[in-house]
Amino acid sequence: HADIAMYKAKESGRNRYSFFTADMQQFHTRNLLLENALRRAIERDQLSLVYQPQYSMVNNQLIGFEALLRWYHDDFGQVSPAEFIPLAERNGLIVAIGEWVIVTALQQLAEWHRAGYRQLNMAINLSSIQFRQENLLQFVTNAIEFSGVPAAKVELEITESAMAEQPERAIALIAELKAKGLNIAIDDFGTGYSSLSYLKRFALTKLKIDQSFVRDLLTDSQDKAIVNAIINMASNLGLKTIAEGVETAAQRDLLKHLGCDEMQGYYYSKPLLADQASQFIQQAL
Ligand code: C2E
Ligand code: MG
Ligand code: MG
Ligand code: MG
């Protein structure tokens, strides 16, 4: 851990630089150290998944979970995915990490199915870098077959930017995934730059309304108008909607009133460790 000791020494010696330079330098150094540490994260068993419950508004039932990645490093502590995923995307590590996520999340879903909760779904986030991989379809279908869960119980979350990169290839890939029975959701919908015409060309199943529109839904009439428009458009296109970042009963009630199909957020539960999620299932179902 000599490199980390050096980092800490630099940190304490920051007054030698101008603040701006010191900050830039520190940011750069931290990234290099994180990158090296991340290379060993899988083999050192430092990655884990947490699972956040998703609810249907039809019957107020738990219908599944979204798998969210966590990284705990002895020196850095808990590193946020918002920090290490962009890093892993820049250096390509996201491919191996993403494969680990797919296998681990499916294994967990299979365990819950074997315990009798066969109605549960698993939503898995895909980076646009993974989405570019030639073998993605093969990897996902192999992993699903190996896990033994029905493909229809698996949902892949992709972002608008993943679709916009190479639209023709993305259209074909999503069609193949759909043909295998998988579900495709657009994550953070409304925050990207993709054209609405994509919605009819891609074989999608769900739009995930970004939490930035949900946050001030009750007080911001523009956010309410946007959410209302997304839900109506989705419904007319035969797509389901799920709202993320639902934190209060008032948000849930309004979203339900607007016709949103599914919800996820702290109002229902924070993301849970596997054991906690298993207990949550036993109490909810
Ligand atoms: P996301 O996929 O949009 O996930 C939703 C984020 O919102 C999660 O943050 C979740 O913990 C948080 N969240 C859930 N409910 C609430 C709520 O009620 N209020 C608030 N304020 N936040 C809520 P997290 O876990 O830090 O993940 C951040 C992002 O990192 C994710 O955004 C996703 O883009 C990415 N990510 C996480 N796991 C993976 C992964 O396995 N693969 C890839 N490629 N990306 C991942
Ligand atoms: Mg997501
Ligand atoms: Mg999201
Ligand atoms: Mg988000």
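Between Tyr267 and Glu83, take the C-beta separation as r, use R0 = 30 Å, and let me know the FRET efficiency to the nearest 0.05. Numbers along the way, then the final one.
Working: r = 26 Å, r/R0 = 0.86.
E between Tyr267 and Glu83, to the nearest 0.05, is 0.70.
Report Rg (one decimal) and Dmax (nearest whole number) for the chain, counting Cα atoms only, units Å.
Final numbers for Rg and Dmax: 20.3, 62 Å.
If R₀ is 41 angstrom, what is the calculated FRET efficiency for the pair Asn236 and Gln107, using the beta carbon separation as r and rounding to 0.05?
0.65
Limiting things to C-alpha atoms, what are the Rg and the maximum Cα-Cα separation (Dmax) for the range 24-102, in angstroms?
15.4, 53
Say each of Asp74 and Ala274 gets a label point 7 Å from the Cα, pointing the same way as Cα to Cβ; how far apart are those two points in nm?
Simple spin-label model gives 2.3 nm for this pair.
Label points 7 Å out from Cα along the Cβ direction at Lys200 and Ala179: separation in nm?
Computed distance between label sites Lys200 and Ala179 equals 2.3 nm.
Compute the distance in nm between two label points, each set 7 Å from the Cα along the Cα-to-Cβ direction, one at Arg132 and one at Leu218.
4.3
Amide H of Thr159: which non-local residues (sequence gap of 5 or more, or other chain) have their own amide H closer than 5 Å, using H built in the peptide plane?
The answer is Asp187.
Can you work out the FRET efficiency for the pair Asn91 and Ala225, with r the C-beta to C-beta distance and R0 = 30 Å, to the nearest 0.05? Could you put the intermediate results ahead of the total?
Numbers: r = 41 Å, r/R0 = 1.35.
With R0 = 30 Å, the Cβ-Cβ based efficiency is 0.15.
What are the ³J(HN,Hα) couplings of the range 53-62, residue after residue, when phi is run through the Karplus curve with 6.51, -1.76, 1.60 and θ = phi - 60°? Round to Hz, x for glycine and proline.
Those phi angles translate into x, 10, 10, 8, 7, 5, 10, 6, 9, 5 Hz.
May I ask you to list the aspartates and glutamates whose Cα is less than 19 Å away from that of Lys200, ignoring any residue fewer than eight positions away on the same chain?
The reachable aspartates and glutamates, counting only those whose Cα sits under 19 Å from Lys200, are Glu155, Glu157, Glu160, Glu165, Glu168, Glu176, Asp187, Asp188.
How much length is gained on full extension from Gln211 to Arg39, taking 0.36 nm per residue of separation minus their Cα-Cα distance? Provide the component values of the computation, followed by the final result.
Values: separation 172, 0.36 × 172 = 61.92 nm, distance 3.09 nm.
Between Gln211 and Arg39, full extension yields 58.8 nm more.
On a full-extension model of 0.36 nm per residue, what is the gain between Ala172 and Ala284, subtracting their alpha-carbon distance, rounded to one decimal in nm?
Numbers: separation 112, 0.36 × 112 = 40.32 nm, distance 3.80 nm.
Full extension from Ala172 to Ala284 adds 36.5 nm.
Every number in this text was worked out from the coordinates using simple rules, so none of it is lab data. From a predicted model like this one, the values you see are computed outputs, not experimental measurements. Glycine gets a Cβ as well: all are built from the backbone with ideal geometry, and neighbour counts include every protein chain shown.
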